[in-house]
Amino acid sequence: MEIQSNFSLKKYNTFGIEAKAKQFVAVHSIAELTTILEQNKSENTFILGGGSNMLLTKDIDALVIHIDLKGKKISAENEDYVWVESQAGEDWHEFVLWTIDQGFGGLENMSLIPGNVGSTPVQNIGAYGTEIKDTFVSCEALNTVNQELKTFLKEECHFGYRESTFKNEVKNQYIITSVLFKLTKRNHNINTAYGDITNELAKYNIVNPTLKEVSNAVIAIRKSKLPDPKKLGNSGSFFKNPILLKTDFEKIHQQFPEMKYYNVSETEVKVPAGWLIEQAGFKGKRFGDAGIHENQALVLVNYGNATGQEILNVSKNIQETIFKTFGIHIEAEVNVI
Ligand code: EPU
């Protein structure tokens, strides 16, 4: 375990922003993590996973601990289900592909989401009608103050739309070290209801898709809309889709009858922020090296040498314009550091 000083984080954030960590260390086991925390009690620490959901707007004046715990295993199984445990530092997409290769169902709709397994419960990642909470059983997390490991059961995680207890009640108090999922071995709940998936499968006349075919459809859709962070820096959806009270929404909808929306409960609707941003004229626009992706307006991109502050300014410009135009506040999904 080597602690490095004045360390560039450019390769450790999918936006590809140049920012420095005062100190940086990668840990490969819980023992290493515990040692580092104990030895640096007086230091500020910053936990870094896959760096796929953050915007660095400044250097980090702290000891950055990169969680690089690897390993995955079957913990238990019966005829119908399998319980699979993955260490936090595994690459999410590789893990998803591995479960599909084993014939385990439940994660296929979340193929190709960038990031590491340990970060997935934090914002309850989701795509194409599925969220982590649908297959999540529990996770192990290390208390940053007393270094004790705690198991968080699903009900303790308070999952919501891109929300969990790790972003709220226990924010910065725990480091997730592993996650346990319950997946199907047979009678898979294939979910192709999301319009894009239906259309993609129809192209190949696939009626009863396998897990692999659903995964391939999701990969094709994502590749067509979302930029590959290895080629164009980005953090996926920069904003959350706003959830409005139906009563408020109805007033706005009268003024903008073409506005898209989805019912989320008896009293609430979700409005696609990508639609609002496109209507406000931002889609495909570029401000220096910071821009709005041409195929999906919800994604902000770094064309090369944008600073985090420049991307943040673009995001503020978008938020203000959306509020002025539609009276709707859109909130960042990405953690702004
Ligand atoms: N839309 C536009 N213009 C755009 C983008 C979208 O009009 O530029 C409209 C589309 O026509 C569609 C609606 O907005 O009617 C929804 O678009 P899409 O299916 O692309 O999904 P999204 O709501 O923009 C969410 C997630 C994505 C996830 C997709 C698919 C959030 C914040 N984002 O995006 O997640 O992949 O659904 O399930 O909920 C991420 O979180 O990083 C992410 C990529």
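Ratio to report: Rg/Rh of segment 158-214, with Cα atoms as the point set and Rh obtained by the Kirkwood method; give two decimals. If you can, show how the numbers build up before the last one.
On the way: Rg = 17.3 Å, Rh = 14.8 Å.
The Rg/Rh ratio comes out at 1.17.
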query = Which is the longest stretch in the chain that no exposed loop site breaks, taking sites as chymotrypsin sites (Phe, Trp or Tyr not before Pro) with a DSSP loop state and at most 15 other Cβ atoms within 10 Å?
reply = 1-160
ask   = So, in Å, what gap is there between the alpha-carbon centers of segment 226-282 and segment 1-51?
value = 35
request  = Please label the shape of segment 72-184 as rounded, prolate or oblate, based on the square roots a ≥ b ≥ c of the eigenvalues of the alpha-carbon gyration tensor (a/c under 1.5 means rounded; beyond that, a/b larger than b/c means prolate, else oblate).
outcome  = prolate
request  = Report the full-extension gain for the segment Asp228 to Gln309: residue separation times 0.36 nm, less the Cα-Cα distance, to one decimal in nm.
outcome  = 27.0 nm
ask   = Label Lys41 and His28 with points 7 Å out from Cα along Cα→Cβ: what is the distance between them in nm?
value = 2.8
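With a 10 Å Cβ neighbour count serving as the proxy for reagent exposure, in which order, fewest first, do Ile175, Ile219 appear?
Least to most surrounded, the residues fall as Ile219, Ile175.
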In segment 1-97, GluC sites (Glu not before Pro) in a DSSP loop with at most 10 other beta-carbon atoms within 10 Å = Glu2, Glu79
task = Using Cα centres only, tell me the gap between segment 119-168 and segment 287-331 in whole Å.
result = 28
task = Could you list the residues of segment 109-144 with an amide nitrogen less than 16 Å from a label point located 7 Å from the Cα of Lys70 in the Cα-to-C-beta direction?
result = 116-118
key: Coil-residue GluC sites (Glu not before Pro) of segment 178-279, DSSP, other Cβ within 10 Å capped at 15   = Glu258, Glu266
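Exactly which trypsin sites (Lys or Arg not before Pro) in segment 126-206 are in a DSSP loop and have at most 15 other Cβ atoms within 10 Å?
Lys171, Lys185, Arg186
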key: Linear extension gain, Thr144 paired with Asn191, 0.36 nm per residue minus alpha-carbon span   = 13.1 nm
note = Summing +1 per Lys or Arg and -1 per Asp or Glu among the other residues with Cβ less than 13 Å from Ser315's Cβ gives -1
query = How high is the FRET efficiency from Leu245 to Thr325, r the C-beta distance, R0 25 Å, rounded to 0.05?
reply = 0.85
inquiry  = Suppose we keep just the DSSP beta bridges with both residues in the chain; what percent of those would be antiparallel, to 5?
reply    = 80
ask   = Assuming R0 = 22 Å, what is the FRET efficiency of Gln102 and Glu79, from their Cβ-Cβ distance, to the nearest 0.05?
value = 0.90
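What is the chain by shape, rounded, prolate or oblate, if you read a ≥ b ≥ c off the alpha carbon gyration tensor as root eigenvalues and call it rounded for a/c under 1.5, prolate for a/b larger than b/c, and oblate otherwise?
Taking the square roots of the gyration eigenvalues as a ≥ b ≥ c, the chain is oblate.
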Electrostatic dipole magnitude of the chain [Cβ: Lys, Arg +1; Asp, Glu -1; Cα centre; debye, to 20] = 740
ask   = If each residue's Cβ is checked for other Cβ atoms within 10 Å, how do Asp134, Asp59 rank with the fewest at the top?
value = Asp59, Asp134
task = Compute the signed sum of charges (Lys and Arg +1, Asp and Glu -1) over the other residues within less than 12 Å, Cβ to Cβ, of Asp61.
result = +1
inquiry  = What lysines does Lys58 reach when the alpha-carbon gap must be under 18 Å and sequence neighbours fewer than 8 apart in one chain are set aside?
reply    = Lys10, Lys11, Lys20, Lys22, Lys316
message = Only bridges whose two residues both fall in segment 4-67 count here: according to DSSP, what percent of them are antiparallel, nearest 5?
response = 30
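Quick note: the coordinates plus some simple rules give every number you see, no bench work behind them. Everything quoted here is computed from the prediction, not taken from an experiment. Cβ atoms come from the backbone with ideal geometry, glycine included; neighbour counts cover every protein chain shown.
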